[in-house]
1. Does residue 66 satisfy being open to solvent by 20 Å² or more (accessible area, probe 1.4 Å), out of contact with any Cys (no Cβ under 6 Å at 6 or more places or on another chain), assigned to a helix (DSSP H, G or I) and away from ligand 2 (no atom under 11 Å from the Cβ)?
2. Are there any strands (runs of 3 or more DSSP E) wholly within the stretch 102-196 with 3 or more residues that are open to solvent by less than 30 Å² (accessible area, probe 1.4 Å) and closer than 20 Å to residue 5 by Cα, and if so which?
3. Can you name every residue in the stretch 3-27 that is more than 9 Å from the chain's Cα centre (by Cα), more than 9 Å from ligand 1 (Cβ to nearest atom) and not β-branched (Val, Ile, Thr)?
4. Only one residue in 49, 93, 75 is more than 13 Å from ligand 1 (Cβ to nearest atom), modelled with pLDDT of 95 or more and open to solvent by 40 Å² or more (accessible area, probe 1.4 Å). Which one?
5. Name the residue that is most open to solvent (accessible area, probe 1.4 Å), counting only residues in the stretch 197-207 that are under 22 Å from residue 129 (Cβ atoms) and either assigned to a helix (DSSP H, G or I) or aliphatic (A, V, I, L, M) (or both).
6. Would you say residue 84 is among the acidic types (Asp, Glu), crowded, with 21+ Cβ neighbours inside 10 Å and within 11 Å of ligand 2 (Cβ to nearest atom)?
7. Would you check which residues across the stretch 78-90 are away from ligand 1 (no atom under 16 Å from the Cβ) and among the hydroxyl-bearing types (Ser, Thr, Tyr) and list them?
8. I'm trying to understand the selection: among the residues of the stretch 28-46, which are more than 15 Å from the chain's Cα centre (by Cα) and assigned to a helix (DSSP H, G or I)?
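The values are calculated or read from the model by the stated rules, or taken from the named source; none is laboratory data. Model, not experiment: these values are computed from the prediction. Because the Cβ atoms are built from the backbone with ideal geometry, glycine has one as well, and the counts that use them run over all protein chains shown. Accessible surface areas use protein heavy atoms only, side chains included; no ligands, DNA or RNA. Shrake-Rupley method; radii C 1.70, N 1.55, O 1.52, S 1.80 Å.
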Amino acid sequence: MKIVMLGAPGAGKGTQAKMIASKYGIPHISTGDIFRANIKEGTELGKKAKAFMDQGALVPDELTLELIMDRFKQADCANGYVLDGFPRTIPQAEALTKALSDEGGKLDYAINVEVPDENIVNRMSGRRACLSCGGTYHVVFNAPKKEGVCDACGGELVLRDDDKPETVAKRLDVYHTQTQPLIDYYAGQGILKEVDGTKEVAEVFGDITAILDK
Ligand code: ADP
Ligand code: AMP
């Protein structure tokens, strides 16, 4: 099963993608997590990506595509994947469609997690991320057992630099201009499914599994 998660930054794509990955036994691939891991390791790619991410801008398509096409070659992608944060532009979506069709394949679902902008700022200012394993929490809606510590790996939880309010506004702007057009793109392919992302985490997941299990 090959799934793309769509939605604004902070809509809950990563939260749901992790649950989908675990239930259906497919890898969760987050380009944001891969960029952050590269920044942490101090790689060349990380250095290049950081400059864009800190501004709330997108990393150029060329860099992002190189990274994701490389990731698809790994053995765990054989039975599909759930993509989170990729594609984010029409050229990225077109490159993905082409790469899949060259192998005689296609995406099965594009799931749009809908959350209005006014809820997003709250979600992102309360988000805490584990820099070790990519785990995501929220200080109110999904608090870790121990404040500041990742339940899964014991790593330190931090407020991402790009979740600061001044950057969130820019990221929402970038989402509306560059990423939202993907909703129509995937509607045109007949694979778009919409879920209400303002519900509780478990309820949103129930709505998604109802779609995937049909
Ligand atoms: P995205 O991957 O779309 O950027 P995340 O999955 O990281 O979003 O979620 C953003 C923040 O909102 C996190 O702090 C997460 O714990 C919280 N969150 C996710 N889903 C919900 C939900 N349904 N209700 C309330 N908070 C949520
Ligand atoms: P995320 O973790 O998905 O919120 O992504 C964090 C940041 O990483 C984004 O604001 C972008 O700067 C960058 N990024 C992640 N995925 C992509 C992508 N597919 N294309 C371009 N930039 C991306």
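1. yes
2. 109-114
3. 19, 21, 22, 23, 24, 25, 27, listed by residue number.
4. Numbers: 49 fails: open to solvent by 40 Å² or more (accessible area, probe 1.4 Å); 93 fails: open to solvent by 40 Å² or more (accessible area, probe 1.4 Å).
Step by step, each of 49, 93, 75 is checked, and only 75 is more than 13 Å from ligand 1 (Cβ to nearest atom), modelled with pLDDT of 95 or more and open to solvent by 40 Å² or more (accessible area, probe 1.4 Å).
5. Result: 202.
6. It is true that residue 84 is among the acidic types (Asp, Glu), crowded, with 21+ Cβ neighbours inside 10 Å and within 11 Å of ligand 2 (Cβ to nearest atom).
7. Applying the first criterion (away from ligand 1 (no atom under 16 Å from the Cβ)) to the stretch 78-90 yields 78-80, 89-90.
Hit for the stretch 78-90 is 89, nothing else.
8. 38, 39, 40, 41, 44, 45, 46
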